[in-house]
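To start, the structure under review is shown below, and the notes come after it.
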Amino acid sequence: MRHGCGKFLVSSVLAGLAFSSQAIAHPDSDQPAPPDGLAVTSVIQAGSGDNTYRSVPEWGQFPEGRKTLGPTHGGVVVDKQGLIYVTLDKPPAGEKPVGIVVYSADGKIVRTIANDLWGIHGLCINEENGEQFLYGAHLAGKEAVKLKLDGTVIWKIGVPNESGKYEPRPGKDGKMAPPAYSPTGICVGPNGHVYVVDGYGQNWCHEFDEHQKYVRSFGGPGTEPGKFKTCHGIALDTRGPKPLLLICDRANLRLQHFDLDGNFVEIVAEKLRLPCSLSFHGDHIAIAELGGRVAILDGNNKLVATLGDNPNVKQRANYKVPPAEWQEGIFNAAHGISYDKDGNLYVEDWNASGRISKMEKIKAEARAE
C-alpha cells in the first residue's frame, strides 16, 4: 500500500508459502518464481482455473497527511464507473476523520466523502432510476444511512424500536443503558425495501419499506437453521429464479438464504472461516472471511477457489497485525469485499493501521498454471 506522499510500504514474501498460492516474479510474467520464495517481493498468484488472481502490490494511497490509512473495519463497493468506495473507522488520534475514501482502479484517491460518518461498517450500492446510491450500516452511529455518491445524506434510520427487540436495559451504574443495537450489514431489495442486520447486537434482520417505515424482523439468536450467531453481512442474491437474501451467519460459520419476506429457505454453505461479507460476479460469490482468507463459490454454491489463505494462525482475525508483518497477497482478517465489472477483487482487512488489497483476475491466456 502507498500513501499520498509517494513513499511505499513493501511487503516481503516468506519462503515456503504454498496454501494454493504461487509466487510469480513480475505481474507481466507468466513464468513461475524460482524455488527460493525470498527472491519474490512483489506479486502472489492464487486461486485456480477461471478464479485465478494475482495481487497488485502497494495498491491504494493514504489520505492526505496520514502516515497510515487509518483503522479499517468496514466495507467496499464499486460503482458503474469503476470507482472504489472504502469505509474507514475512527480516525487515529489527532487526525481529521475520513468517512469514505473513493479510489480509482489504479489506487489513487479521487476524493473523500461523508467524513462525519466514519465508522460505516457494512456498505452496498444500488441503482435507482438511473442514479446510484450508497447504503451504509453505520455502526458508530447505530443507524442505517442512504447517501448520494458525493456523500450527501438522503436519510437515516435509527434504532428500530417498533420491533420490540430493543427495550432500555439497566447499565452497570444502575442507570438505564441505550438499546443494544449495533447494525453491521445492509442491502436493498428489488422493491426498494431495505434490510439491516444487527450482527453486533441482538442478531435480528430488520426490514424497512421504501419510505423507511419498519416492516418486520426475522432471525434472532441461535444455532439452528434460520437463526444467527453474528449475522454480520447481507447481500441480495439474484442468481436464481427469484431474488433471495444471502446472510453471513459469521460465528455459525455459514451462509443462509431467506426470501424477501424473511422466511428461512436454506443453508447455502457451511464450515466457512468466519464469513463477513459477500460480492457477486456472474454466478460466483466472493466471501471475505475474517479467518484470513477469501473464499469463492460457484453457481452451485460449491467452494472452487481460495485466495490469500494465511498460514499463520496467530494472524487470522487479528486486528493488530502491524504493517511490517503483512505478507503480500495474504490476508489477515478479510472483512469487506467487492468485485468490479472485470472480476477483479478489492478486499478490506480488519486492521488497526488500515489495509486494502487489490487482487487482479488473470485472463485465461495469461495464466501460469
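The values are calculated or read from the model by the stated rules, or taken from the named source; none is laboratory data. Keep in mind that this is a model prediction, so the values were computed, not measured. Here Cβ is always computed from backbone atoms with ideal geometry, including for glycine, and neighbour counts include all displayed protein chains.
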Inset, instruction - State which residue is nearest to THR230 (Cα to Cα) when the search covers only the stretch 326-343 and only residues that are among the polar types (S, T, N, Q) and either in contact with a Ser or Thr (Cβ under 7 Å, 6 or more places away or on another chain) or surrounded by fewer than 23 Cβ atoms within 10 Å (Cβ to Cβ) (or both). - result: SER338
Inset, instruction - Would you please name the residue that is farthest from ALA317 (Cα to Cα), looking only at residues in the stretch 267-284 that are assigned to a strand (DSSP E or B) and without any contact (Cβ under 8 Å) to a residue 40 or more places away in the chain? - result: VAL268
Legend entry - Any chance LYS108 is closer than 21 Å to SER357 by Cα, under 18 Å from the mean Cα position of the chain (by Cα) and surrounded by fewer than 17 Cβ atoms within 10 Å (Cβ to Cβ): no
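Looking at the stretch 318-346, which of the residues that are acidic (Asp, Glu) and modelled with pLDDT of 95 or more is farthest from ILE296 (Cα to Cα)?
Here the residue is GLU325.
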Inset, instruction - Within the stretch 149-172, identify whether any single residue is in contact (Cβ under 8 Å) with a residue 60 or more places away in the chain and in contact with a Pro (Cβ under 9 Å, 6 or more places away or on another chain), and answer yes or no. - result: no
Inset, instruction - Give the residue that is nearest to LEU83 (Cα to Cα), with candidates limited to residues of the stretch 345-363 that are surrounded by fewer than 21 Cβ atoms within 10 Å (Cβ to Cβ) and of a type outside the set (Gly, Ala, Ser). - result: GLU360
Inset, instruction - Check whether at least one residue in the stretch 70-81 is farther than 16 Å from ILE356 by Cβ, modelled with pLDDT under 95 and either out of contact with any Phe, Trp or Tyr (no Cβ under 8 Å at 6 or more places or on another chain) or assigned to a loop (DSSP other than H, G, I, E, B) (or both), and report yes or no. - result: no
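Scanning the stretch 41-60 for residues that are charged (D, E, K, R) and over 18 Å from GLU325 (Cα atoms), which turns out nearest to the chain's Cα centre (by Cα)?
ARG54
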Legend entry - Conditions (1) hydroxyl-bearing (Ser, Thr, Tyr); (2) farther than 30 Å from GLY130 by Cα; (3) within 22 Å of the chain's Cα centre (by Cα): number failed by TYR195: (2)
Legend entry - Test: THR238 is among the hydroxyl-bearing types (Ser, Thr, Tyr) and crowded, with 16+ Cβ neighbours inside 10 Å: no
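Would you check which residues across the stretch 80-101 are more than 15 Å from the chain's Cα centre (by Cα) and within 28 Å of CYS248 (Cα to Cα) and list them?
LYS80, GLN81, GLY82, LEU83, LYS90, PRO91, VAL98, GLY99
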Legend entry - Test: ALA288 is touching a residue at least 40 places away in the same chain (Cβ under 8 Å), within 18 Å of HIS121 (Cβ to Cβ) and crowded, with 24+ Cβ neighbours inside 10 Å: yes
Inset, instruction - Could you tell me which numbered condition TYR319 fails, if it satisfies all but one of (1) assigned to a strand (DSSP E or B); (2) within 22 Å of LEU88 (Cβ to Cβ); (3) hydroxyl-bearing (Ser, Thr, Tyr)? - result: (1)
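Report, by residue number, each residue of the stretch 113-130 that is over 14 Å from THR72 (Cβ atoms) and surrounded by 14 or more Cβ atoms within 10 Å (Cβ to Cβ).
ILE113, ALA114, ASN115, LEU117, CYS124, ILE125, ASN126
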